[in-house]
Amino acid sequence: MSKKEIDDVSGTQTTGHEWDGIKELDTPMPRWWLGLFWATIVWAIGYWIVYPAWPGISSYTHGLLDHSQRDRVTADVASLKAARADREKALGRASLSDIQTNPDLLQFAMAAGKTAFGDNCAGCHGAGGQGAPGYPNLNDDVWLWGGKLGDIEHTITVGVRSTSPQTRQSEMPGFGRDGILKPAQIDDLVEYVVHVSDRSADAGAVRRATPLFADNCAACHGPAGRGNRTMGAPNLTDNEWEYGSTRDAIKDQIWNGHGGVMPTWGGRLSPEEIKALAVYVHSLGGGE
């Protein structure tokens, strides 16, 4: 360990540390920096005294001001609910058709529905309702269970393949997974689905798959593949695909029979919120 000494160049005392001939200077911190450092300590102590700061076993220190952001938010929410109470009651009493013909009530329903959609639906359907693989696009005019206001309200209320006793229920068999059809038959069915969606397909495969479709698929999707809303069976002739339109995606769906779950929102959301959601979803562009 080297001894402390005065550096010849700077005139500053060294710390006594030296590495490879380089000596460390014991330079004091600037006074302005030390002033800020002590000021932050004083500020922190004052903050601890004035505001809630320290957790305890069952509570926390409330501070001299007894300020609570949670209480403030709770009060703001209660105030907002009180301001909306009359309109929410009117929304609850009105029928869906009455809401559409009442500009003031429609505006309120749209605003409330947009908020509820963002909080509960956007995670799956997208912020704008554009959907994603496995989640329906709500902007188009294709509806598995119907696109009228009443249909949408009912679907939101009971869900799809969910917990309500009245939930919308449909099932696409896993024709390959469960050994119902052979791999070659599923390949032919893929070409048949491509064909009915008005795209170029293998003619021989389409001929072979025609009786297969009639025996295994037509009961739900219809003889022409146009779907069946009472069963939630999609139309195979349009250009809207929930799980993808490529041959690989179609084969995967026939093989495995995917079926998503739409939560039962009845009981989670109030009837007024569900009405507002139905109005909002109906307005996205695809409502009937």
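Descriptive notes on the structure:
- If only the Cβ of Lys and Arg carry +1 and only the Cβ of Asp and Glu carry -1, the dipole of the chain around its Cα centre is close to 800 debye.
- Neighbours of GLY129 by Cβ distance under 15 Å: Lys/Arg scored +1, Asp/Glu scored -1, total -4.
- 5 angstrom amide H check on GLY16, placed H, neighbours 5+ away: GLU5, GLU24
- Per-residue 3J(HN,Hα) values for the stretch 267-284, derived from phi via the Karplus relation 6.51 cos²θ - 1.76 cosθ + 1.60 with θ = phi - 60°, read x, 8, 10, 6, x, 5, 5, 5, 4, 4, 4, 4, 5, 5, 4, 4, 7, 5 Hz in sequence order (x marks Gly and Pro).
- Here's how it looks for ALA233: its modeled amide H is under 5 Å from those of ASN228, which are all 5 or more places away or on a different chain.
- Karplus 3J(HN,Hα) series, Hz, for the stretch 189-200 with 6.51 cos²θ - 1.76 cosθ + 1.60 (x for Gly, Pro): 5, 4, 5, 5, 5, 4, 5, 6, 8, 6, 10, 5
- A helix-only calculation puts the chain at -15000 deg cm²/dmol for mean residue ellipticity at 222 nm, using -39500 (n - 2.57) for each DSSP H run of at least four residues, averaged over all residues.
- Euclidean distance between Cα centres, the stretch 123-156 to the stretch 231-255, Å: 16 Å
- Normalised size of the stretch 57-147, defined as Cα radius of gyration per 2.2 N^0.38 Å with N residues, equals 1.59.
- Annotation for the stretch 172-214: trypsin sites (Lys or Arg not before Pro) lying in DSSP loop with at most 16 further Cβ atoms inside 10 Å of their Cβ are ARG177, ARG199.
- For the stretch 82-93, putting each phi into the Karplus relation 6.51 cos²θ - 1.76 cosθ + 1.60 with θ = phi - 60° gives couplings of 5, 5, 8, 3, 5, 6, 5, 5, 5, 5, x, 6 Hz, in residue order, rounded to whole numbers and with x for Gly and Pro.
- Three-way shape call for the stretch 1-106 based on the alpha-carbon gyration tensor, with the a/c threshold at 1.5: prolate
- Over all distinct Cα-Cα pairs of the stretch 217-257, the Kirkwood formula returns a hydrodynamic radius of 10.6 Å.
- Percentage relative contact order, the chain, counting C-alpha pairs under 8 Å, at least six apart: 21 percent
- Spacing of the two label points (7 Å from each Cα toward its C-beta) at TRP54 and GLN13, in nm: 3.7 nm
Bear in mind that the values in this text are calculations on the coordinates, not laboratory data. Because the structure is predicted, anything quoted here is derived from the model rather than measured. Backbone-built Cβ (ideal geometry, glycine too); neighbour counts: all protein chains shown.
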